[in-house]
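The values are calculated or read from the model by the stated rules, or taken from the named source; none is laboratory data. What you see is a predicted model; the values in this text were computed from it and never measured. Neighbour counts are summed over all protein chains in view; Cβ atoms, including those assigned to glycine, are modelled from backbone coordinates with ideal geometry.
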Amino acid sequence: MTRKTRIQPIEPADVDDDNGYDRPSKSQLKREMHALQALGEEIVALPKDALKRMPMPEGLDEAVREARRITDHEGKRRQMQYVGKVMRELTDDETSALREALEKHKGVNKAETARLHWIERTREQLLADDAALTEFIRQHPEANPQEGRTLIRNARKEAQQGKPPRYFRELFQWIKNADGSVGEDEADIDDADGSDDSDYHDDDTHA
């Protein structure tokens with residue numbers, strides 16, 4: 001009896017593009033789309049000042065600003081999808097420039113956060129131990145020691161009396177300025193308790 005030979009199906013050969021390179025797989029393309037969508041969402045969520053420093057082409061800039069303006073949930077979702085579409089139309093150089101600017105923003109924020117935490121820790125040390133002021137002045141000879149003593153004394157007094165943290169905040173600024181940096185005040189980083197001290201008067205006159 002003659003045995004029939006089963007013919008094995010021929011597997012299609014891998015298709016190369018015209019340049020001899022394998023085309024990206026569907027899963028790779030999907031990952032890239034998600035990455036660009038996520039990058040667009042990060043840009044939309046940036047603070048206003050940071051957004052100004054993003055090297056966005058005009059079309060993306062308009063799409064991002066519109067997404068920030070929309071408050072309706074469904075409208076926002078559709079606009080974010082459009083932002084992702086615009087992101088996918090950018091060149092590799094444009095997306096690389098955006099990623100670089102975003103990473104730079106994150107790095108600056110990280111360093112700034114660490115610096116503000118150092119100021120907070122220094123303030124706690126100054127309030128807890130009189131000897132800490134001597135060490136601080138040794139490390140920051142340009143700081144006014146009498147002003148520091150007055151702020152520390154008043155900050156302790158207002159805490160004991162349950163008054164708004166006026167001198168507590170001023171001590172923060174004094175430390176920051178002595179460290180040679182200026183910029184946002186403590187209210188901008190939500191370090192204080194937000195109490196209203198507009199009608200509060202000095203306990204001592206600053207020297």
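Side notes on the structure shown:
- Matching residues, the range 60-117, being touching a residue at least 60 places away in the same chain (Cβ under 8 Å) and not charged (D, E, K, R): Leu102, Leu116
- Residue count for the range 39-50 under the criterion of being farther than 15 Å from Val86 by Cβ and free of Cβ contacts under 8 Å to residues at least 40 places away in the same chain: the result is 4.
- Residues that are farther than 12 Å from Ile175 by Cα and surrounded by 10 or more Cβ atoms within 10 Å (Cβ to Cβ), drawn from the range 132-145: Ala132, Thr134, Glu135
- For the range 148-157, a tally of residues being of a type in the set (D, E, K, R) and under 33 Å from the mean Cα position of the chain (by Cα) returns 1.
- Pairs with Cβ under 7 Å, 6+ apart, first in the range 154-176 and closer than 13 Å to Leu116 by Cα, second polar (S, T, N, Q) and surrounded by 17 or more Cβ atoms within 10 Å (Cβ to Cβ): Ile175/Thr122
- Among the criteria (1) more than 21 Å from the chain's Cα centre (by Cα); (2) surrounded by fewer than 17 Cβ atoms within 10 Å (Cβ to Cβ), the one Asp61 does not fulfil is (1).
- Note on the range 20-87: enclosed helices (runs of 4 or more DSSP H) holding 1 or more residues that are under 23 Å from Val108 (Cα atoms) and at pLDDT below 90 are 26-44, 48-52.
- Candidates Glu124, Glu120 - the one that is loosely packed, with under 13 Cβ neighbours inside 10 Å, in a helix (DSSP H, G or I), assigned by TED's automatic domain parsing to the domain that holds Arg169 and at pLDDT below 95: Glu124
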